[in-house]
Structures are given as C-alpha cells and as structure tokens.
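Visitor: Handing you a structure now.
Laboratory data are not the source of any read-out in this text; all were calculated from the coordinates shown. Values in this document were obtained by computation on a predicted structure and should not be read as measured data. Cβ atoms come from the backbone with ideal geometry, glycine included; neighbour counts cover every protein chain shown.
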Amino acid sequence: MNRPLDEASHPDETLIDVSDFSLDPGDLTPALARALEHARSVPGPKRVVVPPGVYHVHPDHAPVREFYVSNTVGSREEHRHKRIAVLLEDLCDVTIDGEGATLVMHGQQTLFAMIRTRRASIRGFAVDWVTPRAIDLTVIHSGPDHHDLLVPAGYRYQICGTEVTWLSEDSSSGQPHWVYHRPEPLDVPLPDLGYDFMQITDLQTGRAHGGTMLDLPNPLRSGLVSVREIAPGVLRHTYGEGGSPSALGTVFQLRRTMRDTPGALLWEAKDSVIADMDIGYLHGFGMIAQMTDSVTVRGVRFRAPAGSRRTTVGFADLVQISGDKGTVVIEDNDFGFSHDDAINIHNTYVQLVAVDGPVATFRFMHHETSGFPLFHPGDTVALVDRDTMLDLPWAGTVIDVHGPSGQDHSVDLENVNLTFDEPLPDAAIPGRVVAENLTYNPAVAVRRNRFQSIATRGMLVTTRGSVVIEDNRFERVEMASIYVSADASQWYESSVVRDLVIRNNVFVRPATSTRAKAEILVEPTAAGEDPSKAAHSGIVIRDNVFLSADIPVLDARSVSGISFTGNTIVRYGPDPLGEPTPSGPLAIVRGCTAVQFRGNATGQGVNQELTYHAMAADDLIVEGFVRLEPPQAPLAALESVETEGLSVPPLPWPADSVVVRVPDDLARIRIRFKPVDGHPVRLAVHGIPVEPDADGWLAVTLESGATVVECEVEAPVGVSKRLYRCVLLRAS
C-alpha cells in the first residue's frame, strides 16, 4: 500500500495511492478521506496521489465541520457547518497530488481545507463544477426588440411569464442541490432561494462591469415583456418600452450575494502550498487563508474552462489572506473574471468596547467577519486611532484570551476579551480605538501574475511587512489595479503599509468607466490630509509601464515617503498627433510628505500635470520628466486580419475588438494577424499564449460558447501597444 517514490525530485517521500482505498470515480471523497486518514500513521513526508482521470465529487460523504470564516457570513447560524471535499486536518508533511486529474464538483461545498496543518500542499488538479451558482448567460443574437441568451450546459430552467426558475443538477435525494427563483421562493425545502445580484461582462472589449442588485433597474429585466425557449439552452428575451436588447457578446452573470462557504480554506496552517491547479470555479468565496503562517499560491489558473459557455470564476475575491505571520508568495498565476478583488491581503481590526486596566473587550464590527480567533497568548497588539489610522504610543503583549474559537457556536462569536501585560493607556477610548494584531502582518511577494477583466481591484494589500509587487500584468481592471487602504470604518480590514515596492509591472487600461480609479490608489478610509499624521509610509513605484486612458496612474493620500521613478506612461492606442490632450492629471498626491517624481517618461498626448493638495511645496520634488519622441516607425496597430473558414469584418474594429456569430457546425478556422511595419505580436486563445505556424497562421478550435482570440501588437521600446480581441460565438 505504501512504497517509496521513484522520482528523483521526491526521494524521501512515501507514496500513498488513493487507488488502494476503494477508489470510485463516481465519488472521490470516501477513498481520498480513507487515504488521508491512513497518512496519519505514515512517518515522514508522504505524497497522496490521485491517478489521472475524471472524478466526481459529491457533498453527500464530504466531512462536515463548524467553521467561522473571515469575509463570508459572519456568525450566521444557518451557515456555520461547512462541507469540505478534501479535508487536511492536523496533518504534517503531506502533499495531495492530482497528477492532472480532473475533479467535477457537485452541489455546494468547499473544495479543500488545510486546518492546523504543517508543510501541506495540494497540487496538480483541474477543478470545475456541474452547475456553478453563478449563472452566465451570453447574448449570441441581438435583434431590434430581442436578444437570445445561451445557457451553460447542466442547468435546468422553468419559464413563467418573464420569470425564470433555475435548478441545479439533482442530489442523491432526487432534489436539486439549489434553486434560484424570482421574485418569490418556491415551496421546496431549500435555503437561500433566489438570486439577487448581476454583473455584466462584455466579451467584445473584455471589460467586466460593476454589478447591480436585481431589484434595481438593469438591462436584463428593464422593459422585459416575454421570455421563451427557442432551442434547448437558448432563451429569447423580448423587450418593450423602457428596455432594449443587449449587444452580441454581452454576458449577464446572476448569483446570490450570500457567501455561505469559502471556496477553499486554510486556517492556522503553517507553510502551505497550492500549486499547478486549473480552477474553473470556486463556490461561495475564493481561497481564503485565515490566521496562517506562510502561504504560497503558485501556477494556478483561475479561468472557466473553454467550451463551458461560462466566464465567472468566483463569487468574490479569488485569493484572500486574512491574517498571516510569515511570508505570502503569490506567483505565476492567471487571475480573471472574478466578482471581486483577485487578491486581498489584510488582517482584521476589532473595536474597543470596554476597558479595565490591562483587561479589554473588543468586538468584530462587520457582519461578514466574526467567530474566529484573532489573538493568541504572546501576540503583540497595537491600538489604532480610528480617526487618524495612527498607532497610540503603546503596544501590549497578550497574556490571556477569552473569545471565539472558530469552531464553537456556544460561545460569544462577536466579542473577545484580552488581558495584556500592562494597562491600556488613557487614550484608549471605547468606540474610538481598534486593535490590530502586529504579529500577523506578513511579508508579501506578488510576481509574474496576470490580472484580466476584473470588475473591482486587481489586488488590495495592507500589511506592515515588506511587500514587493513585480513583473505582473494588470489588464482591464475596472477600479484600481493596486489598492492600499487601511479601514477601521467599513470592512475593518487592517493594516497600513511601511515598505511597499511596485516595480516592473505593466498596466493596460484601454478605456475608463464610471467606477474608474487611479491605477495605483492609496487611500485610507479614515485619516485626513494632515501631512504630519500620514498613515502609510515607504512606497516605491519604479520601472513600470502604464498604458491607459484618461485616468491618473497614481492617487495617494496620507503617505510619508513616495518615490515614483523610472516609469513610462503612454496612452493606450494613442491618437494621431494634433488630437486634444486629455485634461486629467498624471498623478494626485494629498496630505503626503517626501514625494519624489524622478526620471519618468511620458508619451505623446499624456498630460504631465501633477496635482497636490494639503502639502508643503518642498514635500514634492519633480525632476527629469522626459517626453518620448514619436517613434519613426508607425505606432502599434494591425494592418489586416485574414481568416480561412469564416468571414471576419475588416479592420478597423470599434474598440479594437469584434464579435462574430459563427455557424454551429463550424469546428475549426485559421486566422492570421498582420501587424503594421512588422511589429512583433503575441497571440493567446482563452488567455493561454499560443504560437502561429511559420507563415503566421493560427489554427483555432471553436468551442461551445465563446472562443476568444487575442493579438497584442507592440511597437519598439514599449512606446505603443494595442490589444485586439476576436470573439467567436457558437451555440453548440
């Protein structure tokens, strides 16, 4: 049953083959649970291997645990029990290796959890769901008064007038795992009926627009007069007064706002690794690491599978670190199409409600976060003024903790009592002060990732540990690509930054939106603009390339020390010479000190204006701005697009993109992109880099739903760059 691994890369590991534990491809969970239980008795490093293949994973036999998880449902009793498909609990030196196996998830469950593990890894799986609880409906035809919506495979639906009831696949009981119904719930014994939120993605431009609650006016329902099925999996919406059909390639993404369970959970785990995964969807929330010690996420692709007719990858954030005391490494991943931030790294502020000498009571303040332990004996704690986000001149060591355990609903889930090694200061006034666990502020490295089509932020990071964000590509992020907050009034996500380096990244934003923020936004939710009371410090932004529309590349408030050097700022797809220069400033700084702009270069049509407020003149140094000369060669552009097997509209395309409805029996085409002046191009299909043949032709297999072919053209020295998208829609 156990045997040493032959691979030279794992000479000391013992192999545990899940096939030896009555493996059933119809439900992997029981055999994997038996293999993991056996692993407890195996000394030293071990590798639990799932052989290549396709395995269904049902919630019926999944382990159940009571957990309270940050940023999900807080202390809500009806969601305290989580079903977990792959549970690693109190294990050391173990790797679960899928060797390329595919997991087909059913129902509502957490994909995996690492609970109090040491040196545990999960790797080598492709994961998708039969019926994700985010329903993506793609417009595949648009007429004068109607559009046709393509439904992903697996979903069932019932039409009544203009209302559609959505049903998942059946569970072992013969009932659906879940039902969505509007406006009133059906008389079935299922919780959380109804969907209440919609986000829109435009496949033509690649932009994901901010969501809306479905009780508000929205383009899917406003003016809707009828819904009918015109073919299996195709619904026709007809509109009257007050409504209009949507454009080809529009995707309506419907979901519930209730984050009932994390997609994956790491809790009080040390030295955890998640690697070489292909994640098609995460239910309820993303991967969340809560009060951990060192986490690595490497080589994970967060994308709906080609041919799935879907785009949504997750309900909310894709990777969230909620308190870590080691090092967080997030590298070589592909993030796209989430409903919230791709990465969010923070801890949690709790508000002071009572104090008696060295004993104090603190309270979780946001309804989605409570019930888990934030402090341990020996941790160092700071007290932070909510009005300024500055520390009080005091730091205490925790002696004793009475509060939630994270797994027990019989105790108070909202309040925690801490005893410190010394009395709290007089300035510690209930309601005005929050506590932050200084021990859980990780060092962070985020590198070589791609962020694409995110409706909110690419990443949010607040930690006092050193942070390096390098060699990433942020593309079509609707709000800030990088957001540094410090929040003791809304989400209560701590902390501040003290050493943040942002270098060698590429930011691509072809157009602005009503939610557009600066590419890099530093904005505490409290704190004013008094430069003597800056909340953040030590921010270095260097050697980045910004290709964007009329938005600032930096908007920073309440920072002591900003160095913005060696960056190149050019307009995406620059207009011909003589066109008006945009009026927006290049950067905005407010209430900051020691700000330096040195050795930066701007392209034609970029406004070099810097705006500053509530600052002394000598706190802003601007030197060496260089205006890039127009390149002698033509700017980056395509001269033509040729196809075999399908007719594609000739250039120019509006917004450098086109959507084409292709015949349902067409399985394959060839396409060739010819750039102006022979500039280099990079091609990708579904976000995966591909190479054409020697003559420049690319063979493309057409999937059910949308096949997205991208061509990026770059002129010399990064002065000009354009990204073209060709979206091919097929209904079968």
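Visitor: Taking the number of other C-beta atoms within 10 Å as the exposure measure, put L628, L500, L413 in order starting with the fewest.
Guide: Listed from fewest to most nearby Cβ atoms, that is L628, L413, L500.
Visitor: Projected area of segment 444-521, taken from the Cα convex hull and averaged over every viewing direction, in nm²?
Guide: Taking the Cα atoms of segment 444-521, their convex hull projects to 5.1 nm² on average.
Visitor: Quick one: give the max-minus-min coordinate of the C-alpha atoms of segment 628-695 along each principal axis, largest first, in Å.
Guide: Projected onto its principal axes, the Cα set of segment 628-695 covers 50, 27, 21 Å.
Visitor: In whole percent, what relative contact order does the chain give with Cα contacts below 8 Å and a gap of six or more residues?
Guide: After rounding, I find 8 percent.
Visitor: Let me ask something else. Can you give the Rg to Rh ratio of segment 445-627, both from alpha-carbon atoms, with Rh computed by the Kirkwood formula?
Guide: Here Rg/Rh amounts to 0.94.
Visitor: With no solvent and one point per C-alpha, what does the Debye sum give as log10 I(q)/I(0) for segment 135-255 at q = 0.10, 0.16, 0.23 Å⁻¹?
Guide: Each listed q maps to, in turn, -0.30, -0.78, -1.53.
Visitor: Further question: Can you spot the lysines whose alpha carbon is less than 26 Å from K721's alpha carbon? Ignore those fewer than 8 places along the same chain.
Guide: K517, K674
Visitor: More than 16 angstrom separation, counting every C-alpha pair in segment 347-437; what % is that?
Guide: So the pairs more than 16 Å apart make up 48 percent of the total in segment 347-437.
Visitor: Quick one: check the C-alpha center-to-center distance for segment 129-176 versus segment 379-433, whole angstrom.
Guide: After rounding, the separation between the Cα centres reads 48 Å.
Visitor: Counting only C-alpha contacts under 8 Å and six or more residues apart, can you give the relative contact order of segment 135-255 as a whole percent? Walk me through the numbers before you get to the answer.
Guide: Details: 255 pairs, mean separation 40.6, N = 121.
Across segment 135-255, relative contact order equals 34 percent.
Visitor: Over the C-alpha atoms of the chain, what are the Rg and the largest Cα-to-Cα span, Dmax, in Å?
Guide: According to the Cα coordinates of the chain, Rg and Dmax are 26.4, 79 Å.
Visitor: For segment 427-443, in order, what is each residue's ³J(HN,Hα) by Karplus, 6.51 cos²θ - 1.76 cosθ + 1.60 with θ = phi - 60°, in whole Hz (x at glycine and Pro)?
Guide: For segment 427-443, the Karplus-derived couplings read 6, 7, 9, x, x, 9, 10, 10, 9, 10, 7, 5, 5, 9, 10, x, 7 Hz, x marking Gly and Pro.
Visitor: List the aspartates and glutamates whose alpha-carbon lies under 15 Å from that of K533, not counting same-chain residues fewer than 8 positions away?
Guide: Once the sequence-local aspartates and glutamates are set aside, what remains near K533 is D385, D387, D391, E523, D619.
Visitor: Which of C160, C726, C592 comes first, and how do the rest follow, when ranked by fewest Cβ neighbours within 10 Å?
Guide: Arranged by neighbour count, lowest to highest, C160, C726, C592 become C160, C726, C592.
Visitor: Using alpha-carbon positions, what is the distance between the centroids of segment 491-565 and segment 682-703, in Å?
Guide: 36 Å
Visitor: Another question, then. Using alpha-carbon pairs under 8 Å, 6+ residues apart, how would you state the relative contact order of segment 630-732 in percent?
Guide: Across segment 630-732, relative contact order equals 34 percent.
Visitor: Given the -39500 (n - 2.57) contribution per DSSP H run of 4+ residues, what per-residue ellipticity at 222 nm results for the chain, rounded to the nearest 500 deg cm²/dmol? The partial results should precede the final answer.
Guide: On the way: 1 runs with 11 residues, N = 732.
It lands at -500 deg cm²/dmol.
Visitor: A further question follows. Mind checking which lysines have their Cα closer than 22 Å to the Cα of K46? Skip sequence neighbours fewer than 8 apart in that chain.
Guide: Answer for K46, where 22 Å is the Cα cut-off: K270, listed by chain and number.
Visitor: For segment 126-166, what class follows from the C-alpha gyration tensor (a ≥ b ≥ c being the square roots of its eigenvalues): rounded when a/c is under 1.5, otherwise prolate if a/b is larger than b/c, else oblate?
Guide: Judged from the Cα gyration tensor, segment 126-166 comes out oblate (a/c at least 1.5, b/c at or above a/b).
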